[in-house]
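Following: one structure in structure tokens, then a few remarks.
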Amino acid sequence: MNTLIIISVLPIVLLYLGLYKAKKALLPVAVIGLLAALGFALAQWTSVDVATPIYHGMMLFNNYSIAFSAITIISTILILLLSKGYFERISDHIAEYYAIILFSLAGIIVMVSYYNLTMLFIGIEIMSVSLYILAGIKKNDFASNEAALKYFLMGAFSTGFLLFGIALIYGTTGSFNLEAIRNWVVAHPRGMDPMMGTGIMLIIVGLCFKVGAAPFHFWTPDVYEGSPTLITAFMSTVVKTAGFAAFLRLFAECFAPVADFWMPALLIITILTLFIGNITALYQQSFKRMLAFSSISHAGYMLFAIVALGASSANSVFIYATAYSIASIIAFAALILVQQQSGSDNFESFNGLSKKNPFLALVLTIAMLSLAGIPLTAGFMGKFFMFSSALSHYQVWLVVLAVVNAIISIFYYFRVIVAMYFRTAETSEVQIPAYYSFVLGFSALVTIIIGVYPTFIAYLI
């Protein structure tokens with residue numbers, strides 16, 4: 001709970017610093033505050049998970065929530081380090097941007113720690129309202145304004161599905177508490193109550209909207225492309241990780257006994273997400289838009305953990321989300337640097353990058369290899385755990401389809417590698433600030449360590 005309190009108070013502190021024109025203190029205070037929140041979260045970790053719900057069963061801060069809180073906080077720290085000098089180009093009042101990001105993170109901590117459906121809804125809304133604002137922070141940019149409006153409308157639409165589904169679950173079980181809902185499901189093993197079944201399907205629709213899974217993905221490419229690149233990085237990593245953590249907790253805690261009812265629908269969504277994300281990414285000329293469709297395909301891989309629901313699902317999602325987040329942060333950081341120099345996010349902007357910036361080209365290559373799932377990277381280990389989980393539930397043909405999609409993804413991830421190493425262009429050297437060098441180097445190192453020594457992260461969890 002201390003973690004949530006710190007992250008909720010920290011934005012207010014930053015707003016006061018902005019009020020007194022202490023701009024240079026904003027980033028250090030934000031990072032120090034997040035490190036303190038991370039420390040309090042990790043201090044609650046126990047070798048035997050015996051945590052109990054608190055506040056009348058509203059929240060549960062167990063090892064599951066600690067692990068996902070940690071990865072979302074670390075990812076946010078890395079993204080904030082990339083913001084050095086970024087928000088100054090948009091406005092003179094930068095304290096508000098830091099505060100809104102941290103308010104969104106507070107909602108995310110609630111999402112990964114809820115034990116009551118009302119808290120899930122509150123967490124999603126705190127996160128979403130902040131993101132609606134962040135998507136449109138470029139005031140005179142039509143694409144940014146359009147992204148904010150589209151995200152707001154689609155978010156409100158998906159919230160309607162989610163809220164109606166929660167209401168139907170409450171109408172059936174008489175409770176929002178996850179334990180009470182699970183007890184009702186266990187007590188009624190035969191047949192599926194129509195109200196309960198409808199509620200589950202509506203919740204699936206609402207949550208699939210939030211994580212960008214097909215066929216509810218149509219807002220994702222435009223919102224990701226139109227939003228400022230730094231905000232897109234936050235959406236596609238921290239927000240997506242939190243969405244899947246919340247998704248998995250609900251279905252593992254409550255609906256596992258009736259998996260035969262909802263699993264076929266989710267299986268279809270998983271297959272659609274994989275193919276739509278990967279095939280559409282092949283035709284993109286914009287690196288940023290390719291990453292948007294790539295994030296859709298990765299949502300399909302993370303859905304494996306729910307389709308093949310079991311004891312290892314939480315570990316699989318955590319490892320995959322960690323690998324995906326770190327590699328994506330590298331990709332977006334490189335995009336920001338190249339975009340600032342060339343003014344474009346097309347693949348051609350990366351032509352000849354290896355000659356002028358070998359370090360930047362190297363770390364971006366590691367990120368692309370990880371996202372493609374190439375061995376000796378964290379991305380390969382993430383896919384390995386996901387596929388192993390599916391195979392343990394005899395979903396052999398699903399794994400075959402996933403492998404086909406992984407092969408497809410190699411083509412578009414390698415486009416940027418080919419551009420950097422095998423194409424030439426008359427460009428000047430990209431200036432890499434110290435903050436960026438740290439984020440890029442740290443993220444690339446973690447990607448390799450997890451890929452070479454997977455027992456490292458397995459030991460941590």
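The values are calculated or read from the model by the stated rules, or taken from the named source; none is laboratory data. Because the structure is predicted, anything quoted here is derived from the model rather than measured. Cβ placement follows ideal geometry from the backbone for every residue including glycine, while neighbour counts extend to all protein chains displayed. Just the protein is used for accessible areas: all its heavy atoms, side chains included, with ligands, DNA and RNA removed. Shrake-Rupley method; radii C 1.70, N 1.55, O 1.52, S 1.80 Å.
Going residue by residue through the stretch 43-50, is there one that turns out to be closer than 30 Å to residue 183 by Cβ, at pLDDT below 90 and of a type in the set (A, V, I, L, M)?
yes
Mind listing whichever residues of the stretch 254-307 are buried (at least 24 other Cβ atoms within 10 Å of the Cβ) and either in contact with a strand residue (DSSP E or B) (Cβ under 8 Å, 6 or more places away or on another chain) or not in a helix (DSSP H, G or I) (or both)?
The answer is 287, 303.
Answer yes or no as to whether residue 125 is under 30 Å from residue 173 (Cβ atoms), charged (D, E, K, R) and either part of a helix (DSSP H, G or I) or at pLDDT 95 or above (or both). Break it down stepwise before answering.
On the way: under 30 Å from residue 173 (Cβ atoms): yes; charged (D, E, K, R): yes; either part of a helix (DSSP H, G or I) or at pLDDT 95 or above (or both): yes.
Considered against the rule, which asks whether it is under 30 Å from residue 173 (Cβ atoms), charged (D, E, K, R) and either part of a helix (DSSP H, G or I) or at pLDDT 95 or above (or both), residue 125 comes out as yes.
Which residue, of 108, 73, 100, is part of a helix (DSSP H, G or I), open to solvent by 10 Å² or more (accessible area, probe 1.4 Å), out of contact with any Phe, Trp or Tyr (no Cβ under 7 Å at 6 or more places or on another chain) and not acidic (Asp, Glu)?
The match here is 100.
Residue-by-condition table, conditions (1) basic (Lys, Arg); (2) in contact with a Ser or Thr (Cβ under 7 Å, 6 or more places away or on another chain); (3) closer than 13 Å to residue 323 by Cβ; (4) not in a loop (DSSP other than H, G, I, E, B):
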site	(1), (2), (3), (4)
348	no, no, no, yes
385	no, yes, yes, yes
388	no, no, no, yes
402	no, no, no, yes
407	no, no, no, yes
431	no, no, no, no
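Restricting to the stretch 308-333, name every residue that is in a helix (DSSP H, G or I), aliphatic (A, V, I, L, M) and open to solvent by 10 Å² or more (accessible area, probe 1.4 Å). Give the steps one after another, and end with the answer.
Residues of the stretch 308-333 that are in a helix (DSSP H, G or I), as a first pass: 313-333.
In the following step, the residues that additionally are aliphatic (A, V, I, L, M) were identified as 314, 317, 319, 321, 323, 326-327, 329-331, 333.
Correct list: 314, 326.
Open to solvent by 10 Å² or more (accessible area, probe 1.4 Å), of a type in the set (Phe, Trp, Tyr) and either under 19 Å from the mean Cα position of the chain (by Cα) or at pLDDT 95 or above (or both): is that true of residue 142 in this structure?
No; evaluated as a whole, the condition is false for this residue.
Report the residue count in the stretch 13-42 for those that are open to solvent by less than 80 Å² (accessible area, probe 1.4 Å) and either modelled with pLDDT of 90 or more or in a helix (DSSP H, G or I) (or both).
Matching residues across the stretch 13-42 total 19.
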